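This report concerns only the one structure given below.
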Number of protein chains: 2
Amino acid sequence: MNWLGRRRPRVVAPRIRSRSTTTDSTTKVDLADLTPELDVFLGKAAYLELTLFENLGRVIANAPSTAAKSSLSRAASLSLEKHRGLAAEIERSGTSVAAVMEPARASIDRFQRVTQGADWFESLVTCYVTAGFLEDFLVRVAEGLPRDAAARVSAILDTETGESDLARELAAAIQANPRLASRLALWGRRLVGDTMLIARSMLTQSANHVSDEARIEPVFTELIAAHTRRMDALGLTA
Amino acid sequence: MNWLGRRRPRVVAPRIRSRSTTTDSTTKVDLADLTPELDVFLGKAAYLELTLFENLGRVIANAPSTAAKSSLSRAASLSLEKHRGLAAEIERSGTSVAAVMEPARASIDRFQRVTQGADWFESLVTCYVTAGFLEDFLVRVAEGLPRDAAARVSAILDTETGESDLARELAAAIQANPRLASRLALWGRRLVGDTMLIARSMLTQSANHVSDEARIEPVFTELIAAHTRRMDALGLTA
């Protein structure tokens, strides 16, 4: 995991990320060689979106106010729409959504467990950080799919996210209780490793491990820069 | 609560309810006199749909198979869409969704707590039974709103439900483990009282309590008949 050490200290004005700034700012890196077969990709991506939705569902159920519940429900709805869009893509090919998702289950369930967080605030950071990173990543990987599929999958994935709603809730929570900041900053940092591991597991491996990692590294560098901007937007050090 | 004793034993072939059969089979009863102000109704209905969604979210998170997760996600998505549609109606009038939902919170949270169920199967029955009953009820109450609002709210509420997906999951679970049947039948019966109480709390009260109850009773009789058909569809005695 040498990309962990390569994180560039980047100074960017705190702002809510728009997806175009994260992907266009650097030379595009082609992940096509490491892109899995369409059905494998769809199974993993569909199960991941379902998991991101579950995490938001739990955060909504435990939210400390009706205001928080209401504003987070949009994000949950968007993740669920992505899951359902991907599930419909799986069904197009006549296969069972459950069967195609099954191989992804164990590792994503483990990821969900270890990133759960100790309380509501940490769980909300998990939703913000992991969904931000992984949805960006899925969009990048989808570019390597066969052309027709790539277009359809991008139309599902490269759409609105609830990120700004999550950022607003988190910023308000930190403002109300500034002592949260250092704990949530630490939690945000701890999430990065597991998030990158699960992202890596979505790609295939060629015989040449070194060349694989060289291909993936610049993508992770970009995604980590986006992560840093996301934490900056909360006033937290990434 | 004398409507509890009035449940008619109705023999109907087990089938998945379609909403039209539940509302057209009996003379329409007008609840308009007991219909709350629009914003009160919207607050209660929006918070209730959010709660139904939360229940489904928990059921999805704890589902024993990816197949169950996937098939239940459609139902969750439909509840969430209803919540968001109602929230948008609240925002039309320039008020805060959270503020309008707040008065409904305590009683609906209590309802959620007492209807949670002891395990995954009971929780799934809760989703099936309470959403079925309460969404039918909301549709009926919405008819008493001012005409324009009634039309808009009906367009949000009187739409698809995930009921058939829930029924399929439950029927499969009972088939796989027939000993579940008596426990789930009992749980289904126990849910009815709390579900009717929360429904009743959505209506106003006039000075004449006896006449209020006389007005509500035939509506509950209809909704209980629909509940019986819902349990029949699982092969369970209501």
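The values are calculated or read from the model by the stated rules, or taken from the named source; none is laboratory data. Source: prediction; values computed, not measured. Positions of Cβ are generated from backbone atoms using ideal geometry, with glycine treated the same way; all protein chains shown enter the neighbour counts. To get the accessible areas, we keep the full protein, side chains included, count just its heavy atoms, and leave off ligands, DNA and RNA. Shrake-Rupley method; radii C 1.70, N 1.55, O 1.52, S 1.80 Å.
What the table shows:
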{"item": "Extension reserve of the A:Asp30-A:Ala181 stretch, reckoned as 0.36 nm per residue once the Cα distance is removed", "result": "50.7 nm"}
{"item": "Area hidden from solvent between B and A (accessible, protein heavy atoms only, 1.4 Å, total, Å²)", "result": "2100 Å²"}
{"item": "Projected label distance in nm at A:Val210 and A:Ala118, using a 7 Å step from Cα toward the beta-carbon", "result": "4.2 nm"}
{"item": "Residue closest to axis [chain A; rotation mapping onto B; Cβ; Å]", "result": "A:Gly57, 1"}
{"item": "Kirkwood hydrodynamic radius (C-alpha pairs) into Stokes-Einstein, chain B, 20 °C and 1.002 mPa s, D in µm²/s", "result": "119 µm²/s"}
{"item": "For region A:28-232: accessible area per residue (Å², 1.4 Å)", "result": "37 Å²"}
{"item": "Interface residues in region B:57-104 - accessible area drops by 50 Å² or more relative to the isolated chain, probe 1.4 Å", "result": "B:Thr66, B:Lys69, B:Ser70, B:Ser73, B:Leu80, B:Arg84"}
{"item": "Environment charge at B:Ala131 (Cβ cut-off 11 Å; Lys +1, Arg +1, Asp -1, Glu -1)", "result": "-2"}
{"item": "Modelled FRET efficiency - R0 25 Å, B:Ala155 with A:Ala155, Cβ distances, 0.05 increments", "result": "0.40"}
{"item": "Computed label-point distance, nm, for sites B:Ala172 and B:Asp39 using a 7 Å Cα→Cβ extension", "result": "4.5 nm"}
{"item": "Whole-Hz couplings from phi, Karplus 6.51/-1.76/1.60, listed for region A:197-210; x for Gly and Pro", "result": "4, 5, 4, 4, 5, 7, 9, 7, 10, 8, 5, 9, 4, 5"}
{"item": "Fraction of accessible area attributable to carbon and sulfur, region A:28-232 (%, probe 1.4 Å)", "result": "53 percent"}
